[in-house]
Amino acid sequence: MPASLAALLSLAGFVWLGLAIARAEPPIDSPHLTAWDAALLSFAASFGVQAAAHLGAFGS
């Protein structure tokens, strides 16, 4: 299950990244969250799930 969750989070990150590139938003100096931020959070969550699974946090 953790592997599929990490894969889905990575896929969501790539979708957000594509959306950010298509919109051509500036990646910095924005007063609100942008698609760049959503992509970064999705990739970071994916990495966190993978790291937790590697450390045995899911009991497998």
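The values are calculated or read from the model by the stated rules, or taken from the named source; none is laboratory data. Everything quoted here is computed from the prediction, not taken from an experiment. Quick reminder, even Gly has a Cβ in these numbers, built from the backbone with ideal geometry, and neighbours come from all protein chains shown. The protein model used for the area step is the full one, side chains on, heavy atoms only, and it has no ligands, DNA or RNA in it. Shrake-Rupley method; radii C 1.70, N 1.55, O 1.52, S 1.80 Å.
Does residue 47 count as touching a helix residue (DSSP H, G or I) at 6+ places or on another chain (Cβ under 7 Å) and not charged (D, E, K, R)? No, not satisfied.
Against the test of being polar (S, T, N, Q) and assigned to a loop (DSSP other than H, G, I, E, B), the options 30, 42 yield a single qualifying residue, 30. Residues that are open to solvent by less than 70 Å² (accessible area, probe 1.4 Å) and touching a residue at least 40 places away in the same chain (Cβ under 8 Å) within region 26-60 comprise 46, 49, 52, 53, listed in sequence order. Across region 16-25, the number of residues qualifying as surrounded by 12 or more Cβ atoms within 10 Å (Cβ to Cβ), modelled with pLDDT of 85 or more and not aliphatic (A, V, I, L, M) comes to 2.
Exactly one residue out of 3, 12 is open to solvent by less than 70 Å² (accessible area, probe 1.4 Å) and of a type outside the set (D, E, K, R), and it is 12.
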